[in-house]
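Enquirer: Right, I'll just put the structure down here and ask away after.
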Amino acid sequence: MTTTELHSMSQPKKRYRGKALNWRSLTAFIVTWAFAVAMVTGTVLYVIPKGRVAFWTDWELIGLDKGAWGNIHIIFGAIFIVSGVIHLYFNWKPFKKYLAERAAGHIHVRREVVIASIGTILVMGAAIANVPPVSWVFDLNETVKQSWVTSPDLEPPYGHAEESSLRSLTKRTDIDLDKALFQLAADGFIVNGPRDSLLKIARRNDTTPLELYRRIKKFKVKPKILPAGAYTAEAVEQQFEGKGI
């Protein structure tokens, strides 16, 4: 063993302790990231197809459907609000000191503050009244969302049709249920029965509600007209299923 090695062994070892967590900085970073994520998800939600088309075609972006994008936007919007309040709490003393100093020196409202405040009120009013130029943003949103519908087939026969049971769907669209079930089985799709929803069948078979409907809509039959007062439980379900009632 060399002299250098003996000397290094005789020296006391230094202990390195991690610095205490800076909650103020952590909160600032959370606010920043939450804002960034909410900005991205908000942009995606602005341009994606309308719900009835997105769910009918099983629309996805980087593996996430409309519902997932909406959930991410909501949760990070909430995180942004909560962390913003905490950030204000951590910086309350300097903020209060600033206000006190401004008050002691006779607050002079800068014209930038006035302009920004008036602008905010005007934009809010224009959004409520749906007038230009704010309404142009809404018009663009409608145009972009509608641009996804390149064919009438991309529209469902009615709202939230993918959530209806196969029995209800076929009745509401005047399709022969037995032939529809036979066709789906013949095409290799796994169906658990007529009460299986189109969405569940699609997810189970790695396809879309749109594709399933394309395969069965050819079995149209003449609609049955029920006499007044002859509605059954199935007829009521057929009429109101998927409408939130």
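The values are calculated or read from the model by the stated rules, or taken from the named source; none is laboratory data. Since we're looking at a predicted model, the values are computed, not measured. Side chains included, ligands, DNA and RNA excluded: accessible areas come from the protein's heavy atoms. Shrake-Rupley method; radii C 1.70, N 1.55, O 1.52, S 1.80 Å.
Enquirer: From the Cα gyration tensor of region 27-163, with a ≥ b ≥ c the square roots of its eigenvalues, which class applies: rounded if a/c is under 1.5, or else prolate if a/b is larger than b/c, or else oblate?
Expert: oblate
Enquirer: Apply the Karplus parameterisation 6.51 cos²θ - 1.76 cosθ + 1.60, with θ equal to phi minus 60°, to every residue of region 149-159 and state each ³J(HN,Hα) to the nearest whole Hz, in sequence, with x for glycine and proline.
Expert: Using θ = phi - 60°, the values come out as 8, 8, 8, x, 5, 6, 8, x, x, 7, x Hz.
Enquirer: Ignoring ligands, DNA and RNA, how do 219, 138, 55, 182 rank by accessible area with a 1.4 Å probe, largest first?
Expert: 182, 138, 55, 219
Enquirer: Once the whole set of protein chains is in place, how much accessible area is left on residue 39, using a 1.4 Å probe, in Å² to the nearest 10?
Expert: Accessible surface of residue 39 is approximately 100 Å².
Enquirer: Counting just the Cα atoms, what span does region 135-182 cover along each of its three principal axes? Round to the nearest Å and put the largest first.
Expert: 48, 17, 13
Enquirer: So what does residue 23 come to for accessible area, using a 1.4 Å probe and Å² rounded to 10?
Expert: Answer for residue 23: close to 150 Å² accessible.
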